[in-house]
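To start, the structure itself, in structure tokens.
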Amino acid sequence: MPWWETIISQALTVNGITNLKNTNIQGTVTHVGNVNQIGDFNLTGNLDVTGEVIISASLIQFEDLQIVGNTIKTTETSSNLELRANGTGEILI
């Protein structure tokens, strides 16, 4: 088997800097420590977060909703911004 088709069927510990190109992982990955992501990150499926989410970007875009600093606005011309409470909840401003 050529080195570029190596299959590891047991535990693997890597110390130091490692570059993984075109890597497919089936199963669970447990990562301990910080992650520095450079470039795009594409996710298919759900992302479940336990704890805080801190976003340090100056602009966040969700479809036609944009958050910049302390401003929330729509990005489509003449579209309404709707705030809805669930059940018997109220929107207090």
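The values are calculated or read from the model by the stated rules, or taken from the named source; none is laboratory data. This structure is a prediction, so every number in the text was calculated from the model and none was measured. With ideal geometry, Cβ positions are generated from the backbone for all residues, glycine too; neighbour counts draw on all protein chains shown. To get the accessible areas, we keep the full protein, side chains included, count just its heavy atoms, and leave off ligands, DNA and RNA. Shrake-Rupley method; radii C 1.70, N 1.55, O 1.52, S 1.80 Å.
Observations on the structure shown:
- Along region 50-65 the Karplus relation, 6.51 cos²θ - 1.76 cosθ + 1.60 evaluated at θ = phi - 60°, assigns HN-Hα couplings of 10, x, 7, 10, 10, 10, 9, 7, 7, 9, 10, 10, 10, 6, 9, 10 Hz to successive residues, with x for each Gly and Pro.
- Highest-fluctuation residue, Asn24, Asn80, Asn34 considered, GNM on the chain with Cα pairs under 10 Å: Asn24
- Accessible solvent surface per residue of the chain, calculated while the other protein chains remain in place, 1.4 angstrom probe, Å²: 109 Å²
- Selected from Gly33, Gly16, Gly69 as most flexible by GNM, with the chain as the system and alpha-carbon contacts under 10 Å: Gly16
- Among the listed values (i) 7.0; (ii) 5.5; (iii) 11.4, the one computed from these coordinates for mean projected area of the Cα convex hull in nm² is (iii).
- Karplus-based coupling profile of region 10-23, in residue order and whole Hz: 10, 5, 10, 10, 10, 9, x, 7, 9, 10, 10, 10, 6, 9, with θ = phi - 60° in 6.51 cos²θ - 1.76 cosθ + 1.60 and x standing for Gly or Pro.
- Low-density loop cleavage sites - GluC sites (Glu not before Pro) in region 1-70, where at most 14 other Cβ are within 10 Å (DSSP): Glu52, Glu63
- Pairs of Cα atoms nearer than 8 Å and 6+ residues apart set the relative contact order; for the chain it is 9 percent.
- Residue-level accessible surface for Leu81, protein heavy atoms, 1.4 Å, Å²: 90 Å²
- Under 5 Å from the amide H of Leu65 lie the amide H atoms of Thr75, each residue being 5 or more positions distant or on a separate chain, with H modelled from the backbone and absent for Pro and chain starts.
- Full extension of the chain between Asn34 and Asn86 yields a length gain of 15.1 nm, computed as 0.36 nm times the residue separation minus the alpha carbon distance.
- When the solvent-accessible area of the chain is split by element, carbon and sulfur atoms take up 49 percent of it, the probe being 1.4 Å.
- When the chymotrypsin sites (Phe, Trp or Tyr not before Pro) in the chain are filtered for DSSP coil states and for at most 10 other beta-carbon atoms within 10 Å of their beta-carbon, the remaining sites are Phe41.
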